[in-house]
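Take a look at the structure below.
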Amino acid sequence: MSNLAARLRVRRAHSRTRRAVSKAIDTAAATTVRDELITIAQKHGYQKSKARV
């Protein structure tokens, strides 16, 4: 059971990080900063989630 709990914790942490990265990209003050954040996020495997319509 602890393995399942550990996997859930990792998944929640990954989701929190992905949301934080997405928020940082959305609120970047300059386009160069935004581009750098996107580049770093892509390098680490985080993709900006698509906007929901």
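If packing is taken as the average count of other Cβ atoms within 10 Å, what order do 17-25, 38-46, 2-10 fall into, highest mean first?
By packing density, highest mean first, the sequence is 17-25, 38-46, 2-10.
Give a residue-ordered list of calculated ³J(HN,Hα) values for segment 21-26 (Karplus: 6.51 cos²θ - 1.76 cosθ + 1.60, θ = phi - 60°; whole Hz; x for Gly, Pro).
5, 4, 5, 4, 5, 5
With unit charges on the beta carbon (Lys/Arg positive, Asp/Glu negative), name the residue among Ala6, Thr31, Val21 whose Cα is farthest towards the positive pole of the charge dipole of segment 2-43.
Selected residue: Ala6.
What are the principal axis extents of the Cα atoms in segment 2-43, in Å, biggest first?
On the principal axes, segment 2-43 reaches 44, 18, 6 Å in Cα extent.
No lab work stands behind these numbers, since they all come straight from the coordinates. Computed from a predicted structure; not experimentally measured. Every residue, glycine as well, gets a Cβ built from its backbone with ideal geometry; the counts of neighbours run over all protein chains shown.
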